[in-house]
Amino acid sequence: MNDTIQSEPVADAKSVPNKINTQSALPPEETERLGADIVAALKTVYDPEIPADIYELGLIYKVDIKDDRAVNVEMTLTTPNCPAAGELPTMVENAVASVTGVGPVTVNVVWEPTWTPDRMSDEARLVLNMW
């Protein structure tokens, strides 16, 4: 699937780079709030072996907020052999489900496109000293 999505601004363009699909029958202010709150929730999830959150690491490829408030998340892992593979998707599901107003949450782990360090934000690069 394509990881570029047509979307309305959710917070500021720097913090939410086209990962949140907010095209919905929900009022725009509600999708904006949900999108910002979902991103904030995702930023609380850390890979146990890396001191940066999964959003800044670039592991979240797509978040789709449906008209019924169901949320579908497409994410990846740094490698297919990631030791946290069994727990990270559940951590993501729980974080997104904790957002007020969100319906059922589905998390799908995808391998295309392959994750590379180029997907990391400047914030993650700074934390990991990867300059």
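Things to note:
- Residue tally, condition in contact with a helix residue (DSSP H, G or I) (Cβ under 6 Å, 6 or more places away or on another chain), in contact (Cβ under 8 Å) with a residue 60 or more places away in the chain and assigned to a helix (DSSP H, G or I), over the range 32-52: 1
- Looking across the range 81-101, the residues that are under 14 Å from Glu49 (Cα atoms), surrounded by 12 or more Cβ atoms within 10 Å (Cβ to Cβ) and over 13 Å from the mean Cα position of the chain (by Cα) come down to Cys82, Pro83, Ala84, Ala85, Glu87.
- The test for being modelled with pLDDT under 95, buried (at least 21 other Cβ atoms within 10 Å of the Cβ) and under 11 Å from the mean Cα position of the chain (by Cα) holds for Gly35.
- Some residue of the range 22-31 being modelled with pLDDT of 95 or more and assigned to a helix (DSSP H, G or I): no
- Residue match in the range 78-96 (condition: within 23 Å of Pro28 (Cβ to Cβ) and either free of Cβ contacts under 8 Å to residues at least 40 places away in the same chain or β-branched (Val, Ile, Thr) (or both)): yes
- Considering residues of the range 63-114 that are in a loop (DSSP other than H, G, I, E, B) and touching a Lys or Arg at 6+ places or on another chain (Cβ under 8 Å) only, the residue farthest from Arg33 (Cα to Cα): Gly103
- The one condition in (1) surrounded by fewer than 16 Cβ atoms within 10 Å (Cβ to Cβ); (2) more than 26 Å from Thr31 (Cα to Cα); (3) in contact (Cβ under 8 Å) with a residue 24 or more places away in the chain that Met130 fails to fulfil: (3)
- Filtering the range 63-77 to residues that are over 22 Å from Pro27 (Cβ atoms) and either in contact (Cβ under 8 Å) with a residue 60 or more places away in the chain or of a type outside the set (Val, Ile, Thr) (or both) leaves Glu74, Met75, Leu77.
The values are calculated or read from the model by the stated rules, or taken from the named source; none is laboratory data. From a predicted model like this one, the values you see are computed outputs, not experimental measurements. We place every Cβ from the backbone using ideal geometry, glycine too, and count neighbours over all the protein chains shown.
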